[in-house]
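To start, the structure itself, in structure tokens.
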Amino acid sequence: MVTSIVRVESLASSGIQAIPEEYIRPQEELTSIGGGNVFEEEKKKEGPQVPTIDLMEIDSEDKLVREECREQLKRAAMEWGVMHLVNHGISDDVIDRVKKAGQAFFNLPVEEKEKYANDQASGNVEGYGSKLANNASGQLEWQDYFFHLAYPLDKTDMSIWPKSPTDYAEATSEYTRQLRDLVTKILSVLSLGLGLEEGRLEKEVGGVEELLFKMKINYYPKCPQPELALGVEAHTDVCALTFILHNMVPGLQLFYQGKWVTAKCVPNSIIMQVGDTIEILSNGKYRSILHRGLVNKERVRISWAVFCEPPEEKTLLKPLPETVSETEPPLFPPRTFRQHIQHKIFNKKITQDQEDALLFSTKQG
């Protein structure tokens, strides 16, 4: 158990007026963060907005109605790579229980949470943690978290799941079980959108047996200088799909058409993001969008992210043959999923094109 790390929650509750230097972002990032209030940003009606996709008719018996719903999902995955899903079929009660359980865990005293601390130095990443510096500048994110494999249950280590609150394990298990059905549905639509057989993408990412669901509850305490920090730095997700619940406090930003767009808080929705795995398999037709998390001084933000990850060594990530042609050559070299993760770690998590676009946007103010 590691207890020498200063948790962000402890920093935030200590009464500091200025954040430690290691949490201050580089100047080029600070320009794009600006001094804006995330609550005001979220209210803006002008400019591009993250699409909301209503899944009510995704399995409609009416072919035209069904196809229109699926076409909207496909278009959002191609243009944005992120969307709010409503009428997604996951029980409101289960979602409410998951949120209450995660909130209750983070309401525990820090010393109680430390009983679940991970040990990143030894490679044990599951459990309660905070980001450790992984670069020369020592930059940290304004975030604590709880991370663990959540599905399939026979592959999880439930001994590290929180014992308090008592509903944590049951609520999380039921949520990921229901989410599993939604993932199959989404991957089917995305497969058909590429002209593939319905089950092709799911098969490519491990199928029902081997696609792993990893739960990360992100806890972003109030920050005395939100204009200087980030809850999560800019990155794309390595996984196939990411599904996000949150406590209706804004903070997620997407890098779209050269600008940062703040996602709205859409009631009863789940945010879905396309990850690198699907982008690569589709040869870039579906988009893994660059995103980050802002913090604020007024309210704690909590999000529940489930990352759907393929088997690390078995999965060879490369554009599927059907997505490649003379006019559309492969955009990505073949790598195993593990190699792709390593490649991103050593390349600061974002591609050169994204880095260039990010720097350009900051220079434009």
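What the phi angles of region 310-315 give under the Karplus curve with 6.51, -1.76 and 1.60, with θ = phi - 60°, is a coupling list of x, x, 5, 8, 6, 8 Hz, glycine and proline written as x. As a length-normalised measure over Cα pairs under 8 Å and 6 or more apart, the relative contact order of region 8-363 settles at 22 percent. Computed from backbone phi with θ = phi - 60° and the Karplus coefficients 6.51, -1.76 and 1.60, the 3J(HN,Hα) list for region 38-55 is 4, 5, 6, 4, 5, 7, 4, 9, 7, x, x, 10, 4, x, 10, 10, 8, 8 Hz; x is used for glycine and proline. Each label point was placed 7 Å from the Cα along the Cα-to-Cβ direction; for ASP96 and ASP119 their separation is 4.1 nm. Once the chain from VAL86 to ASN347 is taken as fully extended at 0.36 nm per residue, the excess over their C-alpha distance is 90.4 nm. Rounded to the nearest 10 degrees, the angle from helix 337-346 to the longest Cα principal axis of the chain is 50 degrees. In the structure displayed, which of LYS216/LYS259; LYS74/LYS185; LYS63/LYS185; LYS285/LYS314 lie more than 18 Å apart, Cα to Cα? Result: LYS216/LYS259; LYS285/LYS314 exceed 18 Å. Across region 196-328, C-alpha contacts under 8 Å between residues 6 or more apart give a mean separation that, scaled by the residue count, equals a relative contact order of 40 percent. 3J(HN,Hα) along region 165-175, derived from phi through the Karplus expression 6.51 cos²θ - 1.76 cosθ + 1.60 where θ = phi - 60°, amounts to x, 5, 8, 4, 5, 5, 5, 5, 5, 5, 4 Hz, with x in place of Gly and Pro. Could you tell me the distance between the Cα centroids of region 254-314 and region 94-109, to the nearest Å? Rounded to whole Å, the Cα centres lie 22 Å apart.
Under 13 Å from a label point set 7 Å out along the Cα-to-Cβ vector of VAL266, the amide N atoms of region 229-244 belong to 244. Considering only beta bridges that DSSP places wholly inside region 8-363, some 90 percent are antiparallel. In region 159-267, Cα pairs under 8 Å separated by at least six residues give a relative contact order of 11 percent. Close amide H contacts of ILE58 (hydrogens built in the peptide plane, cut-off under 5 Å, sequence separation of 5 or more or a different chain): none are found. Residues within the reach of a label modelled at ILE16 (point 7 angstrom out along Cα to beta-carbon, backbone nitrogen below 18 Å), restricted to region 215-240, are 219-233.
Read the figures in this text as sums done on the coordinates, not as results from a lab. The shown structure was predicted, so the numbers you read here are calculated from the model rather than taken from an experiment. Backbone-built Cβ (ideal geometry, glycine too); neighbour counts: all protein chains shown.
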